[in-house]
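Undergrad: Quick one: the structure is below, questions incoming.
The values are calculated or read from the model by the stated rules, or taken from the named source; none is laboratory data. Given the structure is predicted, the values throughout are model-derived calculations rather than measurements. Glycine also receives a Cβ, built like all others from the backbone with ideal geometry; neighbour counts cover every protein chain displayed.
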Amino acid sequence: MDDVRIKICGLTRAADVAAAVAAGARYLGFVFFAPSPRHVDVALARDLALLVPPGVARVALVVDAGDAALDEIADRVPLDMWQLHGHESVARVAEVRARYGLPVMKAVGVAETGDLAALDAYGRVADQILVDARPPKGAALPGGNGIAFDWRLIAGRRWPVPWMLAGGLTAGNVAEAIRLTGARQVDVSSGVEEAPGVKDVGLIADFARAVRGGG
């Protein structure tokens, strides 16, 4: 599984960025969503993004953000990709992609077979899709809830763009998730934290080892 790409999301400290890079992560995610314990403001996000070496994608996670908020992020933070993690429509995904000239990854929550059609729809306009666990009813956060979905729902399925598996992944289950789904990219946030919004260097290393078959 050496060729599986890792995204570490919800980074809030320079030490966490360094740990993610050292573990071989190919994407680093910064959360611009105030209700999240992983939220970073634009100034901090800029400082953290500037620490990321070439070849590692800097991803801005936003939730139903308007143009003014996106403009501020784009103007001040060096970015490589947007991650739209709210209820953005297919048209909005296309609009953001055109407005900023950056790749867009659209997150889609999955809990049952009926949720899969949205993956096909967004796969026609986004550059990547993030297949995540649908948040529980009444959940305050659209992601980062530490829950998984039934991976068998997407076993053997493919889309016209690259996709990434998320939702409740840890060092203990990521190898099985990859085996069942065939994922070539995985995203982790709460699964490598010692507390909400605080990453653990050891857990990041353990996760990367597990992805690469050493766990």
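Undergrad: Any idea which of (1) of a type in the set (Val, Ile, Thr); (2) surrounded by fewer than 19 Cβ atoms within 10 Å (Cβ to Cβ); (3) under 24 Å from residue 153 (Cβ atoms) is the one residue 211 doesn't satisfy?
TA: (2)
Undergrad: Let me ask something additional. Only one residue in 49, 74, 60 is closer than 23 Å to residue 93 by Cβ, surrounded by 13 or more Cβ atoms within 10 Å (Cβ to Cβ) and in contact with a Leu (Cβ under 6 Å, 6 or more places away or on another chain). Which one?
TA: Just a single option satisfies the conditions, and that option is 60.
Undergrad: Please enumerate the residues belonging to segment 95-124 that are over 22 Å from residue 153 (Cβ atoms) and touching a Lys or Arg at 6+ places or on another chain (Cβ under 9 Å).
TA: 103, 104
Undergrad: Scan segment 166-181 and tell me whether some residue there is assigned to a helix (DSSP H, G or I), modelled with pLDDT under 95, polar (S, T, N, Q) and surrounded by 16 or more Cβ atoms within 10 Å (Cβ to Cβ).
TA: yes
Undergrad: OK, next. Among 60, 65, which is the only one that is part of a strand (DSSP E or B), under 21 Å from residue 10 (Cα atoms) and touching a residue at least 12 places away in the same chain (Cβ under 8 Å)? Explain how you work it out, then say what you get.
TA: Details: 65 fails: part of a strand (DSSP E or B).
Sole residue among the options that is part of a strand (DSSP E or B), under 21 Å from residue 10 (Cα atoms) and touching a residue at least 12 places away in the same chain (Cβ under 8 Å): 60.
Undergrad: A further question follows. Name the residue that is surrounded by the most Cβ atoms within 10 Å (Cβ to Cβ), counting only residues in segment 1-39 that are β-branched (Val, Ile, Thr) and in contact with a helix residue (DSSP H, G or I) (Cβ under 7 Å, 6 or more places away or on another chain).
TA: The extreme case among them is 8.
Undergrad: Separate question: Could you give me the residue pairs with C-beta distances under 6 Å whose first residue belongs to segment 79-92 and is without any contact (Cβ under 8 Å) to a residue 40 or more places away in the chain and farther than 12 Å from residue 61 by Cβ, whose second residue is of a type in the set (A, V, I, L, M) and assigned to a helix (DSSP H, G or I) wherever it lies, and which are 6+ apart or on separate chains?
TA: 90/121
Undergrad: Considering every residue within segment 196-204, establish whether at least one is without any contact (Cβ under 8 Å) to a residue 12 or more places away in the chain and either touching a Gly at 6+ places or on another chain (Cβ under 8 Å) or outside any loop (DSSP other than H, G, I, E, B) (or both).
TA: Checking segment 196-204: at least one residue is without any contact (Cβ under 8 Å) to a residue 12 or more places away in the chain and either touching a Gly at 6+ places or on another chain (Cβ under 8 Å) or outside any loop (DSSP other than H, G, I, E, B) (or both).
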